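A.B. asks: Pasting a structure below so you can have a look.
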Amino acid sequence: MSSLADRNNDPVVVIGLGRFGSALALELARRGTEVLALDNDPRHVQRLAGEITHIATADATDMATLRQLGVPDFYRAVVAIGSDIEASILTASLLVELEIDHIWAKAVSKQHGRILDRIGVHHVVFPEHDMGERVAHLVSGRMLDYMQVDENFALVKTLPPKDYVGVPLGRSNLRRKHGVTIVAVKSPGEEFTYATAETELRYGDVVIVSGPTDRVERFAELP
């Protein structure tokens, strides 16, 4: 298995094949990324055996097992274990010890995330929290989509406020008035295109707006 890392650029080890890990492994495989998927539950492995080429039932909390499967040869790894926090932390710590260049790990609580961060995990993700936050933004307002880019910066897909329809963006003073930037526009029946100073918004357009989270939220609520 150690030769697997040599046959493709930056293959990925995905450890834990619950809902999050399975979806991640399948999407990576769909995109053409070489994936080694591991889980200690043979039922999870059997469920995905026909869809992921390199998959095995294995105890990822055992260093000898990880070495035997060639995990040290990989550049990227994801710990997608959520139900067993102890196993998540131990697995992540072994990957850190193996000096994997980029380690992602799923956290189910802020405390869990802090521990993962302290032991050296490079990227801690909170899939349930992040999805809940995203849906809350969509449910509570006029946004069509929402993505938190950083702690205080977001991208929002929304409809243009009526006061900015028919006005070239270069003369709209959007950034001065609202602290946001329209970065892309999609007209009905067309694809998204970059917004320029000459772009004039029309009714029915969809826009991508970037800026500080509170400002893009307020902008998206303009009638």
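A.B. asks: I need every pair where a residue in the range 9-35 that is within 16 Å of Val79 (Cα to Cα) and polar (S, T, N, Q) has its Cβ under 7 Å from the Cβ of a residue that is surrounded by fewer than 22 Cβ atoms within 10 Å (Cβ to Cβ) and modelled with pLDDT of 90 or more, sequence separation at least 6 or different chains.
C.D. replies: Matching pairs, first to second residue: Ser22/Leu48.
A.B. asks: Sticking with this one: In this structure, is Lys157 of a type in the set (D, E, K, R), assigned to a strand (DSSP E or B) and open to solvent by 50 Å² or more (accessible area, probe 1.4 Å)?
C.D. replies: yes
A.B. asks: In the range 66-96, which residues are hydrophobic (A, V, I, L, M, F, W, C) and surrounded by fewer than 24 Cβ atoms within 10 Å (Cβ to Cβ)?
C.D. replies: Scanning the range 66-96 gives Leu69, Ile85, Ala87, Ile89, Leu90, Leu94, Val96.
A.B. asks: Before we move on, is Gly113 closer than 24 Å to His129 by Cα, without any contact (Cβ under 8 Å) to a residue 60 or more places away in the chain and either within 21 Å of the chain's Cα centre (by Cα) or open to solvent by less than 60 Å² (accessible area, probe 1.4 Å) (or both)?
C.D. replies: Numbers: closer than 24 Å to His129 by Cα: yes; without any contact (Cβ under 8 Å) to a residue 60 or more places away in the chain: yes; either within 21 Å of the chain's Cα centre (by Cα) or open to solvent by less than 60 Å² (accessible area, probe 1.4 Å) (or both): yes.
Judged against the criteria, Gly113 is a match.
A.B. asks: Do you know which residues across the range 83-116 are in a loop (DSSP other than H, G, I, E, B) and under 22 Å from Pro11 (Cα atoms)?
C.D. replies: Leu98, Glu99, Ile100, Asp101
A.B. asks: Separate question: Take the residues in the range 178-195 that are surrounded by 12 or more Cβ atoms within 10 Å (Cβ to Cβ) and out of contact with any strand residue (DSSP E or B) (no Cβ under 6 Å at 6 or more places or on another chain), then tell me which one is farthest from Asn152 (Cα to Cα).
C.D. replies: Checked the range 178-195; the qualifying residue farthest from Asn152 (Cα to Cα) is Ser187.
A.B. asks: On to the next question. Within the range 84-104, which residues are more than 20 Å from the chain's Cα centre (by Cα) and either aliphatic (A, V, I, L, M) or under 16 Å from Phe20 (Cα atoms) (or both)? Full working, then the answer.
C.D. replies: Narrowing the range 84-104 to residues more than 20 Å from the chain's Cα centre (by Cα): 84-87, 89-91, 93-99.
Selection gives Asp84, Ile85, Ala87, Ile89, Leu90, Leu94, Leu95, Val96, Leu98.
A.B. asks: Restricting attention to the range 73-81, does a residue exist that is part of a helix (DSSP H, G or I) and at pLDDT below 95?
C.D. replies: yes
A.B. asks: Taking the range 28-87 only, how many residues are of a type in the set (Asp, Glu), in contact with a helix residue (DSSP H, G or I) (Cβ under 8 Å, 6 or more places away or on another chain) and over 24 Å from Gly120 (Cβ atoms)?
C.D. replies: 2
The values are calculated or read from the model by the stated rules, or taken from the named source; none is laboratory data. Note that the structure is predicted; figures quoted are calculated from it, not measured. In this analysis, Cβ positions are derived from the backbone assuming ideal geometry, glycine residues included, and neighbour counts consider all displayed protein chains. Remember, those area values only see protein heavy atoms, side chains included, never the ligands or the DNA or RNA. Shrake-Rupley method; radii C 1.70, N 1.55, O 1.52, S 1.80 Å.
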